[in-house]
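Okay, so here's the structure we're looking at.
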Amino acid sequence: MTGAALEITDLRFAYGEQTVLEGVTLAVAPGEIYGVVGADGAGKTTLLQLTVGQLPLRDGRIIVLGRDAADPALRSQVAYMPQGFGLYRDLSVQENLDFFADLHDLPRAVAKLRIVDLLERTGLAGFEARRAANLSGGMMQKLALACALVSQPRAMVLDEPTTGVDPVSRRAFWRLLNGVRAEGVAILYATANMDEAERCDRVGLLNAGRLERQGTPLELTHNAAAQLVGVSGPTARRRRDELLAWPGVQLAFPVGRQLRVWLDAEGSLAEFQARLRALDAELIAQPLQPTLQDAALRELALTEFQPLPFALKQGQ
């Protein structure tokens, strides 16, 4: 991608004989949020650690803001929020922000103005004296983001930053993140939450170390090779194994009381509906517009690496 802030090319990584990443290639533009979506163990954290130079690069290429990922000159230009971001819980909100400003060698006058601005933007103004340990989960994430933004980074790498945060706080965090994106910051965002993935500009589906598919959330829901049908009725979920044995049925996933069935694109929906009525007159099949969750489950279930990634999470 011309003008990309982050460029990862043919990245491979293994711990001993265990392959973790296999030929990963992606790019993130300034002002773009790229979501790396995958279940636990897919390789998301390793990918992010390599991107910020925390792990030694062995095979492939990572260029961040025009430099090699391990270049010390990137320290103040790239913000990294790992899982369980390392705030100092015994320090107050103000003290944490002051510490990160000192860490980046900001002049005192610059740091003071920047911290006041970040406190206002994150809604933490008025809580400066509160210890980080006494903050709610949502406020702690806001403080973590504020600390990451003290250096005014040009790129951010976030590893599931809203894990364990309530839905209201998660939405507030994303409002802040959208403001950061609007300032031209490139954001690489790892998540297993499909609602969060749909907020990203582009998404890569990572499965057992391989990016199976990339594109906008809308692009990933379009599939010329299959059609999605919702089967509802009192016995719908119990009929899964029977339906999977029918010709033209690719996959079937239980979702709530419904069964979501992927059919061959060239198959006849009318014939499927007629056969379903013959099986059980109370069963109804209706065509559905796939969500990103549907598309991700299908994509990953059809690979040989991880047959059914139930660890992917719908929004909570």
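The values are calculated or read from the model by the stated rules, or taken from the named source; none is laboratory data. Just so you know, these numbers come straight off a predicted model, no measurement behind them. Positions of Cβ are generated from backbone atoms using ideal geometry, with glycine treated the same way; all protein chains shown enter the neighbour counts. Each accessible area value is taken on the protein alone, full model and side chains, heavy atoms only, with ligands, DNA and RNA left out. Shrake-Rupley method; radii C 1.70, N 1.55, O 1.52, S 1.80 Å.
Things worth noting here:
- Beta bridges per DSSP with both ends in the chain, % antiparallel, nearest 5: 65
- Computed 3J(HN,Hα) for segment 184-196, one whole-Hz value per residue from the Karplus formula 6.51 cos²θ - 1.76 cosθ + 1.60 where θ = phi - 60°, is x, 7, 7, 10, 9, 10, 8, 7, 10, 9, 6, 5, 5, glycine and proline marked x.
- With all protein chains modelled, accessible area of Phe253 [1.4 Å, Å²]: 10
- Rounded to the nearest 10 degrees, the angle from helix 137-149 to the longest Cα principal axis of the chain is 60 degrees.
- Overall, the chain carries a charge dipole of about 620 debye about its Cα centre when +1 sits on the Cβ of Lys and Arg and -1 on the Cβ of Asp and Glu, all other atoms neutral.
- For Gln77, distant residues with modelled amide H under 5 Å away: none
- Helix axis angle, 93-103 relative to the chain longest principal axis, alpha carbon, degrees: 70
- Atom-type composition of the exposed protein surface of the chain places 49 percent of the accessible area on carbon and sulfur (1.4 angstrom probe).
- Per-residue SASA remark: Asp40, around 100 Å² accessible (1.4 Å probe; ligands, DNA and RNA not included).
- Using the Karplus relation 6.51 cos²θ - 1.76 cosθ + 1.60 with θ = phi - 60°, the per-residue 3J(HN,Hα) values for segment 251-259 come to 8, 8, 10, x, 9, x, 8, 9, 10 Hz, with x marking Gly and Pro.
- Nearest-ten-degree value, helix 108-122 long axis tilted from longest Cα axis of the chain: 30
- Distances between placed amide hydrogens fall under 5 Å for Arg210 paired with Glu22, all partners being 5 or more residues away or on another chain.
- Close amide H pairs (under 5 Å, H built 1.01 Å from N) link Gln83 with Asp159, residues at least 5 positions away or on another chain.
- Normalised per residue, the accessible area of the chain is 47 Å², obtained with a 1.4 Å probe and no contribution from ligands, DNA or RNA.
- Treating each Cα of the chain as an identical point scatterer and summing with the Debye formula, the log10 of I(q)/I(0) at q = 0.07, 0.11, 0.15, 0.16 Å⁻¹ comes to -0.34, -0.75, -1.15, -1.25.
- Projected onto planes of every orientation and averaged, the convex hull of the alpha-carbon atoms in segment 29-145 covers 8.9 nm².
- Alpha-carbon geometry of segment 218-300: the Rg and the Dmax are 11.9, 36 Å, given in that order.
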